[in-house]
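So the structure is just underneath, and the comments pick up after that.
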Amino acid sequence: MQPSQADPKGDTKMNLNPQQSSSNNILSTILRHDAKVTSYKIALLRAINDVVLSFPSLLQSQPAVLVPLRVLAEFWIAYYGPFVAGATPIWQGPRSQRRTGMTNDMAFRPVLTRLREIWEQEIGGVSLPADGYVLMNEMRIPRKRALLSAELQEAYERATRVISKTIEMQPIRYAGPGEWTVFDKPLRYQRAVAGVPLPGTQEREQCLRIAAEIWALFCDLFLWIEALCIHEWSLFTENVEQRGTESQDRGDIYRLLTSRPDNRRPLTWERNQIDILLMEGHEFVCLWTQKRIGVQTSYDMDHLVPVSIYPINEMWNLVPTDGYFNQHRKRDRLPTLKRLETARPILVQTYATYITAQPIAAALFEDARLRFSGLEPQATTFASELALATVAFMQRLAESRNIARF
């Protein structure tokens, strides 16, 4: 497939080098022509794609990026969550009758089904199709995770372990022709391994090594890869025999795979911390309207990156802003580059104010380490460096997803 085909007008907008062109053909082959018994290969490429979008500032001069299988498994929890509803499962591969009963289409279906059941008990209702993204975000942040039940945490850990093993033994191994031809066998992360690890990677974690040219290709073709993954996954599932249930329409699968989360998790702790700062005499300035926010001012806790785009409740992504503008103008859009540059000095001051209070400072440092590389909390330039990284992240998201801007 030639790069120009990704452009609806037929204009070539990317010049891929020979290595990238070869990788492009490999990815196209995996998605469209590789034999697929399950949707695993599609899910693997989509997860890598989402990891690239989540950590766009990595790589630099490194030869590869090291991605823990755990992180890929967490995205699989979000993708496959809608398919494991107990009463109305949506099968993702063939099943066969054995003396012990019907086999599972997915090795991890039992543990993921149980995780969904416990999550629904936790929230007191039926989970929404995109709740897996919400859960993934809650489990990623230690202070959020601590508020969840031990049963839910154990179920989540069990699901990630089983899914990680599935990813290692199936799609990574058999992607492309033969075995281990596109991706190397996962290895345990050690500091001596050539490559940059994702923020938060633990020593000895099993990691997928993604070569620089493949990482760069995902960066360049994010929208194309995401769209093709969802399209091929919808077609694949439509053709899977749904024993005991009605056949699935590709449109229904598409809606499940593209569902976006809502802001159903409270920000009580974060808002309380801002209120304390205001009562202590600190002021904030709205990034978008430049209105001052004091102790007598009503405000919204604004997700810089809207929840509908990416459910990030990390502290760097939450700032007090003018409520009317947030609800009626910004909503689910991202700012233009010009507005981002105007807002950046205000964002620096916001982060600097956060750092003056120990609880919110600890949360900010912890969350920033999980998202961005190379930031030192002790540095006097931390607030400005974090603001720069945040603005770059938002700009990359806007460009990659072609999101409406204000």
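So, in region 195-253, of the ones that are among the basic types (Lys, Arg) and either touching a helix residue (DSSP H, G or I) at 6+ places or on another chain (Cβ under 9 Å) or part of a loop (DSSP other than H, G, I, E, B) (or both), which residue ends up nearest to Ile48 (Cα to Cα)? Among those that are among the basic types (Lys, Arg) and either touching a helix residue (DSSP H, G or I) at 6+ places or on another chain (Cβ under 9 Å) or part of a loop (DSSP other than H, G, I, E, B) (or both), it is Arg204.
Every condition in (1) at pLDDT below 95; (2) closer than 23 Å to Asp262 by Cβ; (3) in contact with a Lys or Arg (Cβ under 8 Å, 6 or more places away or on another chain) is met by Arg331 except one, and the failing one is (3). For region 333-376, the set of residues classified as free of Cβ contacts under 8 Å to residues at least 60 places away in the same chain and not in a helix (DSSP H, G or I) consists of Ile355, Gly374, Leu375, Glu376, listed by residue number. The residue that is surrounded by the fewest Cβ atoms within 10 Å (Cβ to Cβ), among those in region 181-194 that are assigned to a loop (DSSP other than H, G, I, E, B) and either at positive phi or basic (Lys, Arg) (or both), is Arg191.
A residue that is within 13 Å of Ala85 (Cα to Cα) and assigned to a helix (DSSP H, G or I) cannot be found anywhere in region 138-158. Looking only at residues in region 297-329 that are part of a helix (DSSP H, G or I) and without any contact (Cβ under 8 Å) to a residue 24 or more places away in the chain, which one is nearest to Ala362 (Cα to Cα)? Result: Tyr324. Contact annotation: residue pairs with Cβ atoms under 9 Å, 6 or more positions apart or on different chains, pairing a residue in region 167-196 that is assigned by TED's automatic domain parsing to the domain that holds Thr38 and among the aromatic types (Phe, Trp, Tyr) with a partner that is surrounded by 14 or more Cβ atoms within 10 Å (Cβ to Cβ) and at pLDDT below 85, are Tyr174/Asp34; Phe183/Gly176. Considering region 32-133, the qualifying helices (runs of 4 or more DSSP H), each wholly inside and each with 3 or more residues that are in the same structural domain as Lys144 (by TED's automatic domain parsing) and either over 17 Å from the mean Cα position of the chain (by Cα) or surrounded by fewer than 17 Cβ atoms within 10 Å (Cβ to Cβ) (or both), run over 109-123.
The values are calculated or read from the model by the stated rules, or taken from the named source; none is laboratory data. Since this is a predicted model, take the numbers as computed values, not measurements. With ideal geometry, Cβ positions are generated from the backbone for all residues, glycine too; neighbour counts draw on all protein chains shown.
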